[in-house]
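Asker: Below is one structure. I have some questions about it.
Every read-out reported here was derived from the displayed coordinates using simple, explicitly stated rules and does not represent laboratory data. The structure presented is a predicted model; accordingly, all values stated were derived computationally and were not measured. Don't worry about glycine lacking a Cβ; one is built from the backbone with ideal geometry, like all the others, and counts go over all protein chains shown.
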């Protein structure tokens, strides 16, 4: 690890002036499950690390509950999200938190860390490979080993998948992000937090280098049906191959205000308008859920080794929709 | 005198005994090599080639030597041993010649200009030119000799440093300036096969692929003609890593007398001490290897390795102990692998299940070089014994990747998958239960065998009994269904089986065990062997305690130090069948010594003395003493016994039933396959295994369960993936090199067949052989289509289904 200075401010106001206007020299530390790895592997070599672990106030709390709206501090640990009674109305989120990695990571990792972590592309993570995000001229995954990469690949050279499994459920639930920076506080929908990075000096999120994610707020209406489904090769310490989060309100038997968000298929969490449309105003049945799955795959352009993920996406959307509707999981044997 | 052999009445042997060092391991009190910290210890690290194939264009360590905390550097692969002709300190030149006794080599003489990046070592100490005189032996390392050195894989060693902290060592490594000329590389087998004329690995010759090695028995063409059905498929298994939980490496420390001690993570303490003595010209008696606990080797930890030799080299240069343990990336890329195998298999058989012909063309890769571990398909697999007509052909493909090392049942898991997949595919074509075809083609009992209780005399009977037990424990008769015709629509049920065989004889090298009985009744059992996973302390404690009427925790077992006498490396499942008999003989000899010494003092004849639980009895005089009372009569003396065992000793007449070899095993797997996602869940594994006399039933069952877990990972998760363009492994970690966790593990039912009349047989390797094949066959049974390559990832399962499986 390259030497760095370490700062542990106790308030956001103390933390902000420690940040730079550009990426590279300063990194924020939350749970450390991503940053420490990157430092040890010489993928990130900050000169200054600003820790958010000592922040006081609501940074590590969940305030409020259920339909009235809950504000989740960015420093809330994954394990506390997974087990939160205040968030019981949002199984799409809590089940996703419960499935992240293993107990050690869940005990250290935070909500903010999950949303702001860097991607897990094995070329990006290799010190000796100069990919697009590290100043290289091309993306080695395009023609290389890409079985876990994006299947929505149009419009960007870098074909990472966004690693956060909390982003899709938060977007499906219509959550907003509270961000502070040198110019003060701002609030944006969580879905606006992400971007497809295409070159060195860009992150997978849209926050400025001198901004801090403070909290995420969910103000979902009562009775909102929601669920997430992940396809994983293993049940332990595993990234999903694909993920889908679905949320809708029920009007009698029909689904209203449907949101379908796809994870691990593109450089950002992806809101699927076509999948949502396939369910909107309809009863959620195996047939309509299947149709939503098929609709979610519109526009895919898989790489040489990952066409199988198209099938997985179709199934994940279908199963998430059925779970949200309260159907008995037909896939559980 | 004929050996007394194993007791007929067994109090402890064959029961379930908890590991006597279990609490030490569970609490962290046990010190592994990684945990050893010596006073003034430095940290060693190795600089490695980032390229799969390159030549060093330039190297400059000047800046590295100035990094804070830097203590020593070695440039790997360039130091040479010379004899001093003339050391001229004024001119800064050293005239040298080649040492004598280099067989057949021409004598070479040269003058070396001694610049600041030239290192001179004499008597394992760095020296200055002025310290040397004519006829001194000297090791000379000229940094610039590394220029032009060819590196054959991403991870090949370039240089190493020692520094006061790990961070400073890393800083120093980063400060070594190396430029490389990149050369063409192949890191995947199909690229080599497409370019058969191009060579990118060491040695002369054209291409990276060997000639076809072929073996034919009978008339395969006629055998296929005779068949009622023929199945043909292309199957394959990937290159996988041992993934030892404790990585390879050691701590090396030189003492003032020129002796070298290493605390190595090894499966051969005596072997490592000997290798170090040879490499550094240290007298055998002064080269010591200590391995009290080690965290997994699986065949990859016999020698000191480049890293171990490098640590000792850095330690002598720095004049301080050096710890050099590999990190996870190094562990996976350089510390050994299990070779791949893939190829076309054709098999024919009759309606009653008789296999009439078998034909295989396959290839595999060990990396850039490899020895005995790549004799894939040279091993006659279980069935091939009885198939009248077969042809097998194999080629080795070399690639620019780290080399193979032996891995838990070398060659067998690969052969088992390739053969057992074909057998099930044939059973499906014949429309019969795969258990029928397996029973039908078992090797027969050999009534001519000299020894009626041996494997050869009874193998058919043993296998059939194993099938009976496995079928009962798995519910085979109720659960088996024709492929693809089982219960479930989206999630389909399947059950499969596979069988295996292994040796498990004692080692060819002698293992010595010493048992000492003290006057306070305490007992010490001492041997240089190591605990690779046999629960070896407990094995030796059980055997000693059984003979002396004590309990395992009463015995102090000292293992893992090379100076405790000869022992063999833990390979080929030889440890328990070598160590348990040696302990038996040592304990019996110590008991006899005790009787001989104490009998006169208690007015007894040694012949009348016997041991019962916790006491010594005198039958004739109807007297008895507690163990402690009796031992107290030793006075100032102690009783001692030595035991030695090897394959040679086992072969001597009268010793047949103390140890032997050859085992069989039958495993079944029950799975659920999600046909929409391709995700495989193993529900239940049954493993039926014989291993002769069971010493510790608990540890045996645990060994078998461990083998099954390893095989499950092989079947479902593990695979080294390399990128053709960069030549680098993309998953040198535990993130995308996948191993299952506790939630991925099935119920595992282990059935040990205890056959004490056969003596002790090794159990380490056999139980991992057939697991992957059984799981692959269960998936075939579930979806009705073969997934030909493992690991059975969602991608591969979905691809197979798309080609015409379930639905």
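Asker: How would A:239, B:645 line up from fewest to most surrounding beta-carbon atoms within 10 angstrom? All intermediate terms of the calculation are to be shown ahead of the outcome.
Answerer: Values: A:239 20, B:645 28.
Going from least to most buried by this count: A:239, B:645.
Asker: Mind checking which of A:233, A:178, A:202 has the largest fluctuation in a GNM of chain A, springs on alpha carbons under 10 Å?
Answerer: Most flexible of the set in this elastic network: A:233.
Asker: Which whole number in µm²/s is D for the protein assembly as shown by Stokes-Einstein, with the Kirkwood Rh taken over Cα pairs at 37 °C and 0.692 mPa s?
Answerer: Details: Rh = 32.8 Å.
Translational diffusion coefficient: 100 µm²/s.
Asker: What is the pair-distance distribution P(r) of the range A:1-131, computed from all Cα-Cα distances in 10 Å bins starting at 0, with each bin given as a whole percent?
Answerer: Pair shares across the bins are 12, 37, 33, 16, 2.
Asker: Still on this structure, please answer the following. Would you work out the relative contact order for chain B, in percent, from Cα pairs under 8 angstrom that are 6 or more residues apart?
Answerer: On the way: 2130 pairs, mean separation 122.0, N = 807.
Once divided by the residue count of chain B, the mean separation gives 15 percent.
Asker: Sticking with this one: Quick one: in the range A:100-212, what % of C-alpha pairs are over 23 Å apart? Intermediate results must be reported in sequence, preceding the final value.
Answerer: Values: 2310 of 6328 pairs.
Summing the P(r) tail past 23 Å for the range A:100-212 gives 37 percent.
Asker: In vacuo Debye scattering of chain B, one point per C-alpha: log10 I(q)/I(0) at q = 0.05, 0.07, 0.10, 0.11 Å⁻¹?
Answerer: Log10 of I(q)/I(0), two decimals: -0.31, -0.60, -1.12, -1.26.
Asker: Which number do you get for Rg(Cα) / (2.2 N^0.38 Å) in the range B:282-342?
Answerer: 1.36
Asker: Ranked from highest to lowest mean number of other Cβ atoms within 10 Å per residue, what is the order of the peptides A:71-81, B:49-59, B:567-577? Write out the running numbers ahead of the final one.
Answerer: On the way: A:71-81: 23.0, B:49-59: 21.2, B:567-577: 27.3.
Ranked from most to least packed, the peptides come out as B:567-577, A:71-81, B:49-59.
Asker: Same structure again: With an 8 Å Cα cut-off and a minimum separation of 6 or more residues, compute the relative contact order for the range B:74-144 in percent.
Answerer: About 41 percent, as a whole number.
Asker: What's the average, rounded to a whole number, of partner chain beta-carbon atoms within 10 Å of each residue's beta-carbon in B:742-751?
Answerer: Values: counts 3, 6, 7, 2, 0, 0, 0, 0, 0, 0.
So the per-residue partner count for this stretch is 2.
Asker: With label points built 7 Å along Cα→Cβ from the Cα atoms of residue A:294 and residue B:743, find their separation and express it in nm.
Answerer: Taking the simple label geometry, residue A:294 and residue B:743 are separated by 3.2 nm.
Asker: Within a 10 angstrom radius of each residue's Cβ in B:732-741, how many Cβ atoms of other chains show up on average? Whole number is fine. The partial results should precede the final answer.
Answerer: Details: counts 2, 4, 1, 8, 8, 0, 5, 3, 6, 6.
Counting Cβ atoms of other protein chains within 10 Å of each residue's Cβ and averaging gives 4.
Asker: What is the fewest-to-most order of B:294, B:497 by other Cβ atoms lying within 10 Å of their Cβ? Don't jump to the answer; show the numbers that get you there.
Answerer: Values: B:294 24, B:497 28.
So the ranking, lowest neighbour count to highest, is B:294, B:497.
Asker: So what is the relative contact order of chain A, in percent, for Cα pairs below 8 Å that sit 6 or more residues apart? Each step should come with its number before you reach the end.
Answerer: On the way: 801 pairs, mean separation 55.6, N = 333.
Relative contact order comes out at 17 percent.
Asker: Going by alpha carbons, how many degrees (0 to 90, nearest 10) lie between the helix axis of A:308-324 and the longest principal axis of chain A?
Answerer: Compared with the principal axis, the helix lies near 70 degrees.
Asker: Simple spin-label model, 7 Å along Cα-to-Cβ: residue B:610 to residue A:142 in nm?
Answerer: Using points 7 Å along Cα→Cβ, the separation is 8.5 nm.
Asker: Between rounded, prolate and oblate, where does chain A land on the alpha carbon gyration tensor, with a ≥ b ≥ c its root eigenvalues, rounded for a/c under 1.5, else prolate if a/b exceeds b/c? Working shown, then result.
Answerer: Details: a/c = 1.95, a/b = 1.27, b/c = 1.54.
Here chain A falls in the oblate category.
Asker: When the Cα centres of the range B:683-761 and the range B:128-156 are compared, how far apart do they sit, in Å?
Answerer: Answer, in whole Å: 44.
Asker: Any chance you could check the Cα centroid distance between the range B:395-421 and the range A:92-144 for me, in angstrom?
Answerer: 32 Å
Asker: Something else now. Just to be sure I understand the model, the point goes 7 Å from the Cα along the line to the Cβ. What's the resulting residue A:25 to residue B:485 distance in nm?
Answerer: 7.4 nm
Asker: Sorted from fewest to most neighbouring beta carbons within 10 Å, what does the list B:649, B:769 look like?
Answerer: On the way: B:649 20, B:769 30.
By the 10 Å Cβ count, ascending: B:649, B:769.
Asker: Which of rounded, prolate or oblate describes the range A:51-91 when judged by the alpha-carbon gyration tensor and an a/c cut-off of 1.5?
Answerer: Numbers: a/c = 3.43, a/b = 1.72, b/c = 1.99.
Taking the square roots of the gyration eigenvalues as a ≥ b ≥ c, the range A:51-91 is oblate.
Asker: On to the next question. Considering only A:176, A:236, A:268, give the residue with the highest GNM mean-square fluctuation for chain A, with springs between Cα atoms whenever their separation is below 10 Å.
Answerer: So, out of A:176, A:236, A:268, the one fluctuating most is A:236.
Asker: Now for a different question. Using the alpha-carbon centroid of each, what span in Å lies between the range A:1-60 and the range B:503-548?
Answerer: So the separation of the two Cα centres works out to 54 Å.
Asker: Could I ask something else about it? Per-residue Cβ counts within 10 Å, from other chains only, averaged over A:234-242: what number is that?
Answerer: Values: counts 10, 8, 8, 8, 8, 2, 0, 6, 2.
So the per-residue partner count for this stretch is 6.
Asker: Tilt of helix A:286-296 relative to the longest C-alpha principal axis of chain A, in degrees (0 to 90, nearest 10)?
Answerer: For A:286-296 against chain A, the angle is about 40 degrees.
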